[in-house]
1. Quick one: in region 147-175, of everything that is outside any strand (DSSP E or B) and not hydroxyl-bearing (Ser, Thr, Tyr), which residue is surrounded by the fewest Cβ atoms within 10 Å (Cβ to Cβ)?
2. Would you please name the residue that is nearest to Ala296 (Cα to Cα), looking only at residues in region 119-146 that are part of a loop (DSSP other than H, G, I, E, B) and either at pLDDT 90 or above or of a type in the set (Lys, Arg) (or both)?
3. So Ser279 fits all but one of (1) part of a loop (DSSP other than H, G, I, E, B); (2) touching a residue at least 40 places away in the same chain (Cβ under 8 Å); (3) of a type in the set (Ser, Thr, Tyr); what number is the exception?
4. Only one residue in Ser38, Ser42, Ser18 is of a type in the set (Ser, Thr, Tyr), closer than 18 Å to Leu77 by Cα and assigned to a helix (DSSP H, G or I). Which one?
5. Being surrounded by 13 or more Cβ atoms within 10 Å (Cβ to Cβ) and out of contact with any Leu (no Cβ under 7 Å at 6 or more places or on another chain) is the filter; apply it to region 2-22 and report the residue that is nearest to Gln43 (Cα to Cα).
6. Scan region 66-85 and report the pairs whose first residue is farther than 21 Å from Leu47 by Cα and whose second residue is of a type outside the set (Asp, Glu), with Cβ atoms within less than 7 Å and a gap of 6+ or a chain change.
7. Is one or more of the residues making up region 225-244 more than 26 Å from the chain's Cα centre (by Cα), in a helix (DSSP H, G or I) and over 20 Å from Val101 (Cα atoms)?
8. Restricting to region 57-100, name every residue that is farther than 16 Å from Ala284 by Cβ, among the β-branched types (Val, Ile, Thr) and modelled with pLDDT of 90 or more.
Amino acid sequence: MPRLTPPTPLLRAFEACSRHLSVSRAADELKLTQSGVSRQVSQLEALLGIKLFFRVRRRLALTPAGADYASDIRAALSQIESATQTLLAHQGAGGTLTIAVSPTFGTRWLMPRMRSFRASKPNIIVNLVNYSARPVPLDFAAEHVDAAIFSTSEPGPGVIAHRLMAEDLVPVCSPALLAEGRLKSFEDLAEQTLLQHTTLPRLWRDWLKWTGTSGIDGQRGPELQHMAMVAEAAAAGLGVALLPRFLFAEELESGRLALTFDVEPYAPRSYFVVYPDKSPPILALRAFRDWLLGEAPQ
């Protein structure tokens, strides 16, 4: 089926009228006559077969359908304008990317490496926004995001995913807690506080099962929203945490954190860079993706 995309002049006339609720003010903004704007809005309503406005005492008022449509059209026109400005600013040689990334990964792994990307691609601007775990897939278009970087066991449908590295979780605690000598075996965790990551409520339970340890409630303990908070709580001696070793290598090397047990890393998930599979990635995104894959450990 052909796409139903109304002509842009009709959409611009409708958007201006929806914002001003006045044909005359919309006409002034668009540098058109009032009759021209009215005609374009009428053509759009005829094309859609839906009333978008009604009049209240000589003023326009949006119908419920018109109000919903106006919000979406305003966002779409704004995105088109932004994309055009970016294209003209970089003359097709660069661009602006918006990447959703989990805060700890962005701060600890990505940000220290971004200088090399900027040096290699100075015409590409990368904006980073917070990615938080969610029960439904990321809506790239609605959230105006070009790609996302996060850890998961399965990236899900509708995306192209490139694996960067395993999460490699290890149990850690403060050196002072370890020095107390009460953590000789996995079973000793029954007497310790297990620090919980809010978005991964079953993590300790799954790790205990993976190690073959039974008789411990892996879901007890205080919940902390961000991985960095979990790490700080562990460093402060508040309990034992499961953390990605590569993200907290500095704390382990400096002695702020200590490995609780000498055990192989637990890696049920990996970090991926993902983007929609509906169309080929733009040149700027391809460049950023390739750089990421080059930076990731092989």
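1. Among them, the one singled out is Pro157.
2. Lys121
3. (2)
4. When all the criteria are applied, what remains is Ser18.
5. Applying the filter and picking the extreme gives Pro9.
6. Gln79/His144
7. Within region 225-244, one or more residues are more than 26 Å from the chain's Cα centre (by Cα), in a helix (DSSP H, G or I) and over 20 Å from Val101 (Cα atoms).
8. Residues satisfying the conditions are Thr63, Ile73.
The values are calculated or read from the model by the stated rules, or taken from the named source; none is laboratory data. Because the structure is a prediction, the values reported are computed rather than measured. Please note: Cβ atoms are built from the backbone with ideal geometry, for glycine as well, and neighbour counts cover all protein chains shown.
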